[in-house]
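Step one of this worksheet: look at the structure below.
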Amino acid sequence: MTRSAAATKSAILVAAREQFARHGYHRATIRAIAAGATIDPAMVMRYFGSKAGLFEAAVTVDLELPDLSSVPAGQLGHTLIRHFLTRWEQDDTLVILLRSSIGDSKIAEHVRQVFLQQVAPTVRPAVAPSSAATRAGLVATQILGLATARYVLELPPVVAMSHEEIIAWAGPTVQRYLQGADPLDVYPSEVAR
């Protein structure tokens, strides 16, 4: 039975995501990806041109961030943590990207761009314009750190936590990053030390 071009391409992407998730970018091979898709390795190159091209196609990410304009101001942090927990567990693309970005500057840049292009515009309306970039960056540190601990390193205490427990612990931190007082304004002499 012959597969259509679309079905072949889809099978390659499924196999690629599996290999990248299991082995990371550098250890995943075109041969293993082709075997997973039950095709000749040359077909992978035909459709995607290179391993890098395949990786880009396999890990395209839309964070599907919520519109925060209708969220009560005091619930922004909880809403974002809840969203990201759900999003990280919907598919393995984000975990693949995070795992592969450790030690690979090109993939790390891809992760940076995803967060810069998607998180910053989402949180900007909820924060003071003068500190929007800093606050979005701090939100990203919390989200990426939590994801690394839970989904990449699989730290047992963090893996064991329910969504509600994580939201209760991490939500207030993200809330503070978004709307807390700027420490440079509140404690300027402490920062200067």
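Counting neighbouring beta carbons within 10 Å and listing from fewest to most, the residues Val111, Val159 come out as Val159, Val111.
Relative contact order for the chain: 22 percent, from Cα pairs under 8 Å spaced at least 6 residues apart, divided by residue count.
Just checking the listed ones, Gly103, Gly171, Gly145: in the Gaussian network model of the chain with Cα springs under 10 Å, the one fluctuating most is Gly103. Among Arg99, Arg82, Arg22, the largest mean-square fluctuation in a Gaussian network model of the chain, built with springs joining Cα atoms closer than 10 Å, belongs to Arg22.
Counting Cα-Cα pairs of the chain in 10 Å increments starting at 0 gives whole-percent bin shares of 8, 31, 28, 20, 9, 3, 0, 0.
In plain terms, the residue of Glu18, Glu56 with the fewest other Cβ atoms within 10 Å comes first and the most crowded comes last, giving Glu56, Glu18.
Counting only Cβ charges, +1 for Lys and Arg and -1 for Asp and Glu, the dipole size of the chain around its Cα centre is about 600 debye.
We did not get these values from a lab; they are worked out from the coordinates using the rules stated. Because the structure is a prediction, the values reported are computed rather than measured. Using ideal geometry, Cβ is built from the backbone for each residue, glycine included, and neighbour counts are taken over all protein chains shown.
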